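Written out below as structure tokens is the structure these notes cover.
The values are calculated or read from the model by the stated rules, or taken from the named source; none is laboratory data. What you see is a predicted model, and the numbers here were worked out from it, not measured in a lab. Here Cβ is always computed from backbone atoms with ideal geometry, including for glycine, and neighbour counts include all displayed protein chains.
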Ligand SMILES: Cc1cc2nc3c(=O)[nH]c(=O)nc-3n(C[C@H](O)[C@H](O)[C@H](O)COP(=O)(O)OP(=O)(O)OC[C@H]3O[C@@H](n4cnc5c(N)ncnc54)[C@H](O)[C@@H]3O)c2cc1C
Ligand code: FES
Ligand code: FES
């Protein structure tokens, strides 16, 4: 591991100032991803600015949503009674990620910015455009079971590994950022870039920009949101595929729907095309099938992950059927 | 730098690169905490930070300065074993024993999470205050600790017994 300086930040302004003064400074949350990458010499910051003690609260926003500090741990967020009642799909997504030990340390900001688990990215002997721009991508001709089928390029097939981010893009979370020019707020879907020819540029953040909070807008139908994760073992494994979903009916018609996918996209994948094919249509099997087919039309599967097209199709249809059954039950009850 | 380790204030000057795991094992000779993967994937290095379970290998010692850390060496009171330790012996919760300190610290942390009403990925109704508690829940909650010997059935029995649960279903 390369030697570095360490500074415990006492406030966000001061953390940003430090980051601006020092080349190759990095913010540190729980360290569960960055420390590992530093040990593997994939990352080598000259200074760590520990921000894990800042922004530790979850508050109700004026609009009735939630305002989540960037330093809240994954464990605290998943256990929060308001999240469990209003956004249970988010709780489930977080609880499906990593282990209890890791969730106790991992922060909200660190989770959003965790880097891919692509084996070629981790292997410093392999070619990887994300690690070294222009170096090539060994995944293209390699083992791609864990790689993406959506949003890929000839430069990169790596998935974004976060479960939490998948649930959050479905909820239209907004990210509050602070940097040298003050604060800005962006949609979480806008935080991540597609790899294109520069897979090393993963987000739209500037070097010193700090994530200070994530805001969840109020969304009544999110009270019956869910998250389903498919993986190679029952627990403590990254997703082959995951699905965040929620649905609201108007009679037999789909009034509102949110759908996002993990394990198949180069970024947390909001299924905009599927949603458009569902909204305003009759809630039935034919609609569900047409919707997921619309989303997967752009899929570029490789030999080892071609199964993900069928898997995504089946799991999405099954999840939509379950949300439909729940929505009907809810409708009868009220 | 200073930490409270197993109730005692301890000091050491270490490089910022030193993990909490290496601090415990190499500076303070607390070798009960094990190094398995050194990358967060096995749980052998599990210790309690202010009562919550964490992986000591993914934590830099400097990140947890001033805080309270409990290792396997700090669980017993004198000669009296911690109830989780006693349950592991009673229910054959180990074979070679390498994963055991991490398993036991993890189980102690798990008990605290249950007491706070924290749900898990397999909790059917996440909004419910009371969590129906069964073997599936325990297995999920212990999934951050691998056992190469595959002593899992004994481990789940031991943890269930220490929580006062029947290890049925
Ligand atoms: C064995 C293992 C299994 C795992 N399984 C899963 C899984 O199944 N699903 C899943 O989703 N995740 C999984 N994870 C990943 C885990 O969720 C992440 O490591 C964790 O969420 C990162 O959070 P952190 O606070 O520790 O981040 P850190 O490691 O501290 O930081 C990560 C990145 O975020 C940046 N950063 C941190 N805070 C800020 C801020 N406020 N503003 C700007 N930048 C910031 C850092 O500079 C760094 O680049 C797993 C990890 C391990 C080790
Ligand atoms: S040694 Fe820390 S998790 Fe394996
Ligand atoms: S008892 Fe040998 S690794 Fe668990």
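The residue pairs whose first member lies in segment A:98-119 and is more than 12 Å from residue A:71 (Cα to Cα) and facing chain B (nearest Cβ under 9 Å), whose second member is part of a strand (DSSP E or B) and within 16 Å of ligand 2 (Cβ to nearest atom), and whose beta carbons are closer than 6 Å, counting only pairs six or more residues apart or on different chains, are A:101/B:46; A:101/B:53; A:101/B:54; A:101/B:55.
Looking at segment A:143-239, what strands (runs of 3 or more DSSP E) fall wholly within it and have at least 3 residues that are closer than 30 Å to residue A:11 by Cα and more than 16 Å from ligand 2 (Cβ to nearest atom)? Lay out the reasoning, then the answer.
On the way: elements: A:174-179, A:182-187, A:210-216, A:226-230.
Correct list: A:174-179, A:182-187, A:210-216.
Can you give me the number of residues within segment B:132-143 that are within 11 Å of chain A (Cβ to nearest Cβ) and within 15 Å of residue B:158 (Cβ to Cβ)? Give the derivation first.
Here is the first cut: in segment B:132-143, the residues within 11 Å of chain A (Cβ to nearest Cβ) are B:136, B:139-143.
With within 15 Å of residue B:158 (Cβ to Cβ) added as a condition, the list becomes B:139, B:141-142.
Count: 3.
Can you tell me which residue within segment B:39-66, out of those that are facing another protein chain (nearest Cβ under 7 Å) and over 21 Å from residue B:152 (Cβ atoms), is farthest from ligand 2 (Cβ to nearest atom)? Checking each candidate, the answer is B:62. Residue selection: residue A:111 satisfies the criterion of being under 20 Å from residue A:43 (Cα atoms) and buried (at least 24 other Cβ atoms within 10 Å of the Cβ). A Cβ distance below 8 Å, combined with a sequence gap of six or more or placement on separate chains, defines the contacts here; from segment A:161-180, residues that are at positive phi reach residues that are crowded, with 24+ Cβ neighbours inside 10 Å and not in a helix (DSSP H, G or I) in the pairs A:172/A:258.
Listed by position, the strands (runs of 3 or more DSSP E) enclosed by segment A:1-80 that each have at least 1 residues that are within 11 Å of chain B (Cβ to nearest Cβ) and either within 30 Å of residue B:126 (Cβ to Cβ) or in contact (Cβ under 8 Å) with a residue 12 or more places away in the chain (or both) are A:5-8, A:25-28, A:47-50.
Residue-by-condition table, conditions (1) more than 16 Å from ligand 2 (Cβ to nearest atom); (2) over 26 Å from the mean Cα position of the chain (by Cα); (3) within 15 Å of residue B:16 (Cα to Cα):
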{"position": "A:4", "(1), (2), (3)": "yes, yes, yes"}
{"position": "A:15", "(1), (2), (3)": "yes, no, no"}
{"position": "A:22", "(1), (2), (3)": "yes, yes, no"}
{"position": "A:32", "(1), (2), (3)": "no, no, no"}
{"position": "A:46", "(1), (2), (3)": "yes, yes, yes"}
{"position": "A:60", "(1), (2), (3)": "yes, no, no"}
{"position": "A:63", "(1), (2), (3)": "yes, no, no"}
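Of the set (1) surrounded by fewer than 22 Cβ atoms within 10 Å (Cβ to Cβ); (2) away from ligand 1 (no atom under 11 Å from the Cβ); (3) more than 14 Å from every other protein chain (Cβ to nearest Cβ), all apply to residue A:228 but (3). If you go through segment A:260-276 and keep only what is farther than 13 Å from residue A:243 by Cα and surrounded by 22 or more Cβ atoms within 10 Å (Cβ to Cβ), you end up with A:266, A:267.
The combined condition, being within 16 Å of ligand 3 (Cβ to nearest atom), under 30 Å from residue A:117 (Cβ atoms), part of a loop (DSSP other than H, G, I, E, B) and under 13 Å from the mean Cα position of the chain (by Cα), is not fulfilled by residue B:107.
For segment B:18-44, filtering for residues that are away from ligand 1 (no atom under 12 Å from the Cβ) and either without any contact (Cβ under 8 Å) to a residue 60 or more places away in the chain or touching a strand residue (DSSP E or B) at 6+ places or on another chain (Cβ under 8 Å) (or both) leaves 16.
Do we have residue B:115 as touching a residue at least 40 places away in the same chain (Cβ under 8 Å), more than 17 Å from residue B:22 (Cα to Cα) and more than 9 Å from chain A (Cβ to nearest Cβ) here? It is false that residue B:115 is touching a residue at least 40 places away in the same chain (Cβ under 8 Å), more than 17 Å from residue B:22 (Cα to Cα) and more than 9 Å from chain A (Cβ to nearest Cβ).
Closer than 24 Å to residue A:33 by Cβ and either surrounded by fewer than 19 Cβ atoms within 10 Å (Cβ to Cβ) or within 10 Å of chain A (Cβ to nearest Cβ) (or both) - does that describe any residue in segment B:88-101?
no
For the residues A:237, A:285, the requirement of being in contact with a helix residue (DSSP H, G or I) (Cβ under 8 Å, 6 or more places away or on another chain) and modelled with pLDDT of 95 or more singles out A:285. Residue B:37 passes every criterion in (1) away from ligand 3 (no atom under 16 Å from the Cβ); (2) surrounded by fewer than 16 Cβ atoms within 10 Å (Cβ to Cβ); (3) within 17 Å of the chain's Cα centre (by Cα); (4) not in a helix (DSSP H, G or I) apart from (1).
Here residue A:204 fulfils each of the conditions (1) touching a residue at least 24 places away in the same chain (Cβ under 8 Å); (2) closer than 25 Å to residue A:70 by Cβ apart from (1). Selection over segment B:145-154 of residues that are within 19 Å of residue A:233 (Cα to Cα) and not in a loop (DSSP other than H, G, I, E, B) gives a count of 2.
The residue of segment B:3-17 that is surrounded by the fewest Cβ atoms within 10 Å (Cβ to Cβ), among those that are touching a residue at least 12 places away in the same chain (Cβ under 8 Å) and assigned to a strand (DSSP E or B), is B:4. Scanning segment B:26-38 for residues that are more than 8 Å from chain A (Cβ to nearest Cβ) and under 20 Å from residue A:98 (Cα atoms) yields B:34, B:35, B:36, B:37.
Any chance you could count how many residues in segment B:141-150 are closer than 14 Å to residue B:106 by Cα and more than 13 Å from ligand 1 (Cβ to nearest atom)? So the answer is 3.
Would you be able to say whether some residue in segment B:144-152 is within 18 Å of residue A:79 (Cβ to Cβ), within 12 Å of chain A (Cβ to nearest Cβ) and within 16 Å of ligand 3 (Cβ to nearest atom)? Reasoning before the result, please.
Going residue by residue through segment B:144-152, those that are within 18 Å of residue A:79 (Cβ to Cβ) are B:144.
Restricting the remaining residues to those that are within 12 Å of chain A (Cβ to nearest Cβ) gives B:144.
Those left that are additionally within 16 Å of ligand 3 (Cβ to nearest atom): B:144.
Yes, that holds for at least one residue.
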